[in-house]
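Reviewing the structure listed below.
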Amino acid sequence: MFAKPLKNFNKTICSAIVASTCLLTSVITTLSVQAEELGFPEKEELKFGFIKLTDMAPIAIAYEKGFFEDEGLYVTIEAQANWKVLLDGVIDGRLDGAHMLAGQPIAATIGYGTKAEIVTPFSMDLNGNAITVSNAIWEQMKPHIPKMADGRPVHPIKADALKPVVQSYIDKGKAFKMGMVFPVSTHNYELRYWLAAGGIHPGFYAPHKGDTAGNIDAQALLSVTPPPQMPATMEAGTIYGYCVGEPWNQQAVFKGIGVPVVTDYEIWKDNPEKVFGLSKSFTEKYPITTLRLTRALIRAAKWLDDNNNANRPEAVKILSQSNYVGADYNVIANSMTGTFEYEKGDKRAVPDFNVFFRHNATYPYYSDAIWYLTQMRRWGQISEHKPDSWYKDVAKKVYRPDIYIAAAKSLIADKLIKASEFSNFETETGFRNPQTHFIDNLVYDGTQPNAYINQFKIGLKADDKL
């Protein structure tokens, strides 16, 4: 491992290393070399983008704790205006990599929206989102929500409690409007999942007809709002609720303008959230740099979860800086330190609200990618039926566990992380076991995407076409 960034290594030697396909193949296939044996990073100076959300934490921690520096990397971290600007930056090379919505590299690869080859060797976190409604909507929902003995609502709160509220708006000829952060965001799919599980239709997309609004047959109209603007947009009455990552749900509680009604942990326990995205061409041109930045991110994720989140207060202090998330320390701490506040004063223990390393959070599972593809198909973003093999082929183009495993094994060889803290790479298939912890009690098996799609009462079936 390098103690300091490598400014003066021989560029000619480095170029020769890059040119050697045999060396790269050896690194990826043996998967057990120590850091010194990986070779020098082909590109030392890197710029990474992010959106102001707490789940960008692995990037901030890798920078602040010197993990990038240990890999010989000079990294600049830059907040981006929105998810499209961020994606475009990676595509055009202005950014070398970025904190991305998990759906972004998948959508780019299949050509939904922007067409580009984007890959990920690193999953940044599990969970971390919630759905918040305005105070007025909350008051209308409360009569439909069961209560505990102490008078507090029983959680998880299902969209069944929102359905009569939405129906009352429809009866009055008013649109019921909610916000999400991007058409291929986890937030869009989680909000749609929650609504549909409660019998509320969130609408279809029909890109083959030029319709990308996603409001066909909708009972609740969903639109895009950048994360930091969510609370103010709801307070202004433009939307009545939203799905977003932290700290923008807790911000609504602190400002007294809304109530988070359900977390994504309650919609789908330990769901994948963000990824670190790179252009495929970057990984091919700079393979050793890719391995080294992945090593740094894995170390950062582990640091964030070490000793039952003992480092989280320090992480919150870092994230509260204006150059990172820039929200109040207490707002960020409300979710990052193992609790979550619903109504003001109703703070409950949710130790896994933010997971960065445990539960194999950092491994880029093919089944995670396939879940996003099933939701794209369910809501019409994928217009036509695709065989199960297509879903698997797309997942393997985007998610790169080979790079992850090479980085992880080198960390094990360096005795920086124990092998027992990773999955068993000798038996790992890239598919999680069938997952059962969904709010509608359906089972997700990533090896059978079409059978999964056909389970839903609301949404396109595998063979349907609008």
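The values are calculated or read from the model by the stated rules, or taken from the named source; none is laboratory data. Here the structure is a predicted model, which is why all the values come from computation and not from measurement. Here Cβ is always computed from backbone atoms with ideal geometry, including for glycine, and neighbour counts include all displayed protein chains. Note: accessible area is taken over every heavy atom of the protein model, side chains too, but ligands, DNA and RNA are not part of it. Shrake-Rupley method; radii C 1.70, N 1.55, O 1.52, S 1.80 Å.
Amide H of E42 versus every other amide H placed in the peptide plane: which residues, excluding those fewer than 5 positions away on the same chain, fall under 5 Å? Excluding prolines and chain starts, which carry no amide H, the hits are I288, T289. Ranking G245, I267, M234 by Cα position along the charge dipole of segment 217-275, where only Lys, Arg, Asp and Glu carry charges on their C-beta atoms, puts M234 farthest toward the positive end. For segment 310-466, the solvent-accessible area works out to 40 Å² per residue, with a probe of 1.4 Å and every protein chain left in place.
Charge dipole (Cα centre; +1 on Lys/Arg Cβ, -1 on Asp/Glu Cβ; no other charges) of segment 157-254 amounts to roughly 180 debye. This model, with +1 at the C-beta of Lys and Arg and -1 at the C-beta of Asp and Glu, gives segment 58-152 a dipole about its Cα centre of some 640 debye.
A probe of 1.4 angstrom, applied to the heavy atoms of all protein chains, finds K52 with accessible area near 60 square angstrom.
Using the average count of surrounding beta-carbon atoms within 10 Å as a protection proxy, the listed peptides 173-186, 55-68 rank, highest first, as 55-68, 173-186. For the modelled label position 7 Å from the Cα of N135 along Cα-to-Cβ, which residues of segment 252-270 have backbone nitrogen atoms closer than 18 Å? Within reach of a label on N135, which here means backbone N under 18 Å from a point 7 Å along Cα→Cβ, segment 252-270 contributes 252-261. Taking a probe of 1.4 angstrom, what is the accessible area of V394 in Å², to the nearest 10? Counting only protein heavy atoms, the figure is 10 Å².
Roll a 1.4 angstrom probe over the protein heavy atoms and tell me the percent of accessible area of segment 185-283 that is carbon or sulfur. List each step's numbers first, then the result.
On the way: 1290 of 2590 Å².
On segment 185-283, the fraction of accessible area on carbon and sulfur atoms equals 50 percent.
Exposure check, 1.4 Å probe, all protein chains in place: W390 carries approximately 60 Å² of accessible surface. Shape class of segment 281-403 from the alpha-carbon gyration tensor: oblate, with a/c at 1.5 or above and b/c at least as large as a/b.
Classify the chain: rounded, prolate or oblate, from the alpha-carbon gyration tensor (a ≥ b ≥ c, eigenvalue square roots; a/c under 1.5 rounded; otherwise prolate if a/b is larger than b/c)?
On the way: a/c = 1.93, a/b = 1.51, b/c = 1.27.
Prolate is the answer for the chain, as a/c is 1.5 or above and a/b outweighs b/c.
Qualifying trypsin sites (Lys or Arg not before Pro) in segment 308-374, where qualification requires a DSSP coil assignment and no more than 12 other C-beta atoms within 10 Å, comprise K344.
Across the chain, the mean sequence separation of Cα contacts (distance under 8 Å, 6 or more residues apart), normalised by length, yields a relative contact order of 22 percent. Looking at segment 375-466, the trypsin sites (Lys or Arg not before Pro) that sit in a DSSP loop and have at most 15 other Cβ atoms within 10 Å of their own Cβ are K415, K418, K457, K461, K465.
Separation of segment 229-256 and segment 423-466 by C-alpha centroid, Å? When both Cα centres are located, 31 Å separates them.
Pull up the DSSP beta bridges for the chain and report the antiparallel fraction as a percent, rounded to 5. Of those bridges, close to 65 percent are antiparallel. The candidates D402, D368, D160, arranged from most to least accessible area with a 1.4 Å probe in the full protein assembly, appear as D160, D402, D368.
Over segment 131-226, what relative contact order in percent results from Cα pairs under 8 Å that are six or more residues apart? Don't skip to the end; give the middle numbers.
Details: 125 pairs, mean separation 25.3, N = 96.
Answer for segment 131-226 is 26 percent.
Between K147 and V224, the FRET efficiency from the beta-carbon distance, with R0 = 25 Å, is close to 0.10.
For segment 180-303, the solvent-accessible area with a 1.4 angstrom probe is 25 square angstrom per residue.
Charge dipole of segment 217-297 (Cα centre as origin; +1 on each Lys and Arg Cβ, -1 on each Asp and Glu Cβ, all else neutral): 500 debye, rounded to the nearest 20. Across segment 320-332, rounded Karplus estimates of 3J(HN,Hα) from the backbone phi angles (6.51 cos²θ - 1.76 cosθ + 1.60, θ = phi - 60°) give 6, 4, 5, 7, 10, 7, x, 9, 4, 3, 5, 5, 5 Hz, Gly and Pro being marked x. Figure note: H155, H187 ranked by solvent-accessible area, largest first, 1.4 Å probe, ligands and nucleic acids not counted: H155, H187. In this structure, the amide hydrogen of N215, modeled 1.01 Å from its nitrogen in the peptide plane, lies closer than 5 angstrom to those of F204, counting only residues at least 5 positions away or on a different chain. Backbone amide hydrogens, once placed in the peptide plane, bring N129 within less than 5 Å of D264, Y265, excluding anything fewer than 5 places away on its chain.
Is the shape of segment 323-466 rounded, prolate or oblate, going by the alpha carbon gyration tensor and its root eigenvalues a ≥ b ≥ c, with a/c under 1.5 for rounded and a/b larger than b/c for prolate? Taking the square roots of the gyration eigenvalues as a ≥ b ≥ c, segment 323-466 is oblate. Short-range pairs are left out: with C-alpha atoms under 8 Å and at least six residues apart, the relative contact order of segment 403-466 is 15 percent.
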